[in-house]
Amino acid sequence: MTKETVSNNQNRDITRRQFMHKAGTVAAAYAAGTMATTRAVGQTNSANERLGLGVIGCGGRGNSHLQMLNWMKEQGDNIEITGVCDIYQPRLEKAAQQYKAKAYRDHRELLADKNVDVVCIATPDHHHGYQAIDAIEAGKDIYCEKPVTHWRQFELTKKLAEVAAKSDRVFQLGTQAMSDSVWHQMKKLVQEGLIGQPLFGETGFFRIGDWGERGMPVDDANAQPGKDLNWEAFLGDAPKREFSVDRFFRWRLFEDYAGGPVTDLYPHCLTQVVDILGVGFPESVVALGGIHRYDYELRDVPDTFNLIAQYPEKVTISMIGTQANDFNATEPRGSGQRAPVIRGWDGSLTIDRNKEIMFTPVKVQGAKEPQRIPIEHAEDNVQHWRNLVECCRKREKKTWSPMDLAFRTQTVLQMAMLAHRAGKTARFDKAKQSIII
Ligand SMILES: NC(=O)c1ccc[n+]([C@@H]2O[C@H](COP(=O)([O-])OP(=O)(O)OC[C@H]3O[C@@H](n4cnc5c(N)ncnc54)[C@H](O)[C@@H]3O)[C@@H](O)[C@H]2O)c1
């Protein structure tokens, strides 16, 4: 089970009181106007109308979203789960029954449902990009799980970014860490010049265990394609292979459908660093990684992965991590685990042990004063959803984790995976927007 699925299960077990407390804290931040709010553009066309929600992929994460959305509805959010989709019949039936939603075995049928306004895409990584494009073309707004695409799908990522930019549809990537005010506060401090010329972002993701891959639940060891599930639809654009229960249920073990920590976990801690530093696309990325601990027959994704990205803005980002040791050298923070260090010519920003933003000036004559800045509120997945819902009502495209940011972040991760596999430096052709390896 991944840290994420652990938190899914925690979400499932979360009590109403805990939910109320979390929601209340952030609602207060909203009321105080301290939340990184959205900009309204133009007239709202559905300010108070009920929004119908469709969830594509009713596995671990899809169910955690269904539970969250149902809870939000109970709290008075004007939303309703109207459709669910899965290619595995038992999960589809269970979700449809539990949430009294229409069941679809093909996501395109769900997208044709007029009662669905917003879709949540919680399928394996290699489906996200296609389903998101289909959703935009069907006129739906989107909550798309991370990673926005699979590591081999750079062209698809680019296409989705283009389609999303041209459309008026609202897009939120499921990097719920972006609901933490600290990243928006740090971004503002950097924009205001506190650290001087931005220079370097260091981040990492350290945890222990392979439960996210090997530990994924196998609902039925005797499941069969046709009767129980649609194997062709699971494969999508992945290499054609014979049906395998492990590949179907424990897809995170395989590079055909996943990428290991670099694509599964690093979107949670790289997205904010790219955003804070305000960088575009890297000119080059180097990466090293491998299976350093969980070396068994089925697994072919790395468990350890380190990358360095260099930008034309003269900014460097380093992102290191392993699933074989969980010590965090800096303060852990939400889904991103390890707080980043953001360096500039005048000083550095990070989060200290008192959970405040800490500015440490460089040690030179005439340096700026050290500063501690309180953090307004922590990450909250319900608020990540509410930010999307609010943006949908206002027809505001600037969500907390929009597609243009997802594109820039995912390009680094894809370049890193390609660089690691080829044993080369991956370069980016800015004019052609293509990766050269
Ligand atoms: N943001 C987070 O914290 C977080 C946490 C967990 C998972 N995730 C992401 O959510 C996604 C799903 O992960 P999961 O752990 O729930 O996996 P899962 O295997 O438990 O669920 C995926 C579901 O999608 C279904 N599916 C497969 N292909 C499909 C298709 N073509 N159309 C419709 N349904 C299809 C499967 O049958 C399965 O029920 C992944 O991309 C993962 O990275 C994000």
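A few notes on this one:
- Entirely in the range 76-162, the strands (runs of 3 or more DSSP E) that have 3 or more residues that are of a type outside the set (Phe, Trp, Tyr) and open to solvent by less than 10 Å² (accessible area, probe 1.4 Å): 79-85, 118-121, 141-144
- Scanning the range 60-73 for residues that are within 14 Å of residue 98 (Cβ to Cβ) and either open to solvent by less than 20 Å² (accessible area, probe 1.4 Å) or more than 22 Å from the chain's Cα centre (by Cα) (or both) yields a total of 8.
- Matching residues, the range 134-187, being over 17 Å from residue 265 (Cα atoms), within 16 Å of the ligand (Cβ to nearest atom) and of a type in the set (Gly, Ala, Ser): 135, 138
- Here is the figure for the range 289-307: residues that are in contact with a Ser or Thr (Cβ under 8 Å, 6 or more places away or on another chain), of a type in the set (A, V, I, L, M) and open to solvent by 20 Å² or more (accessible area, probe 1.4 Å) total 1.
- Taking the criterion of being closer than 30 Å to residue 186 by Cβ, open to solvent by less than 30 Å² (accessible area, probe 1.4 Å) and in a strand (DSSP E or B), no residue of the range 207-253 qualifies.
- Within the range 229-246, tally of residues that are within 11 Å of the ligand (Cβ to nearest atom) and free of Cβ contacts under 8 Å to residues at least 60 places away in the same chain: 3
The values are calculated or read from the model by the stated rules, or taken from the named source; none is laboratory data. As the structure is a computational prediction, the values presented were derived from the model and not from experiment. Cβ atoms come from the backbone with ideal geometry, glycine included; neighbour counts cover every protein chain shown. Protein only, heavy atoms only, side chains kept; ligands, DNA and RNA dropped before computing areas. Shrake-Rupley method; radii C 1.70, N 1.55, O 1.52, S 1.80 Å.
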